[in-house]
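See structure below.
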Amino acid sequence: MIRFVISTVLSICVASCVFAEEKLVFAIDLVRHGNRAPLIDSPEMQKIWPYGAKQLTPKGMRQAYELGQILRERYIKQSHLLPKHYDVNAMYVR
């Protein structure tokens with residue numbers, strides 16, 4: 001039963017993508033930072049978190065990089081919503 005439901009949902013998604021020639025013209029992404037060290041610095045924390053308070057950990061840096069790759073694929077390569085090279089007027093980041 002679950003396999004039928006999944007295949008039906010996938011068929012509907014594929015059909016809607018094939019028959020609807022839609023173009024992405026606007027996107028809003030709400031993104032939270034990656035894995036970080038604690039906010040409050042203390043002498044004991046330096047032993048556990050050598051990066052310093054509030055800094056991205058290596059895992060957080062990897063998460064941010066991977067998210068950037070996904071967003072580049074989606075907004076530059078697939079939908080051509082953003083230019084290939086950074087343009088300060090092309091997006092608003094807060």
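The values are calculated or read from the model by the stated rules, or taken from the named source; none is laboratory data. Note that the structure is a prediction, hence the values are computed from the model and not measured. No Cβ is skipped: glycine too gets one built from the backbone with ideal geometry, and neighbour counts run over all protein chains shown.
So for segment 47-57 (the condition being in a loop (DSSP other than H, G, I, E, B), touching a helix residue (DSSP H, G or I) at 6+ places or on another chain (Cβ under 8 Å), at pLDDT 80 or above and within 19 Å of Y92 (Cα to Cα)), does at least one residue qualify? Checked against the condition, which is being in a loop (DSSP other than H, G, I, E, B), touching a helix residue (DSSP H, G or I) at 6+ places or on another chain (Cβ under 8 Å), at pLDDT 80 or above and within 19 Å of Y92 (Cα to Cα), segment 47-57 yields no hits at all. Residues considered: L67, L82. Of these, the only one that is surrounded by 12 or more Cβ atoms within 10 Å (Cβ to Cβ), touching a helix residue (DSSP H, G or I) at 6+ places or on another chain (Cβ under 9 Å) and without any contact (Cβ under 8 Å) to a residue 60 or more places away in the chain is L82. Hey, does segment 59-82 have a residue that's farther than 20 Å from V25 by Cβ and part of a loop (DSSP other than H, G, I, E, B)? No: segment 59-82 contains no residue that is farther than 20 Å from V25 by Cβ and part of a loop (DSSP other than H, G, I, E, B).
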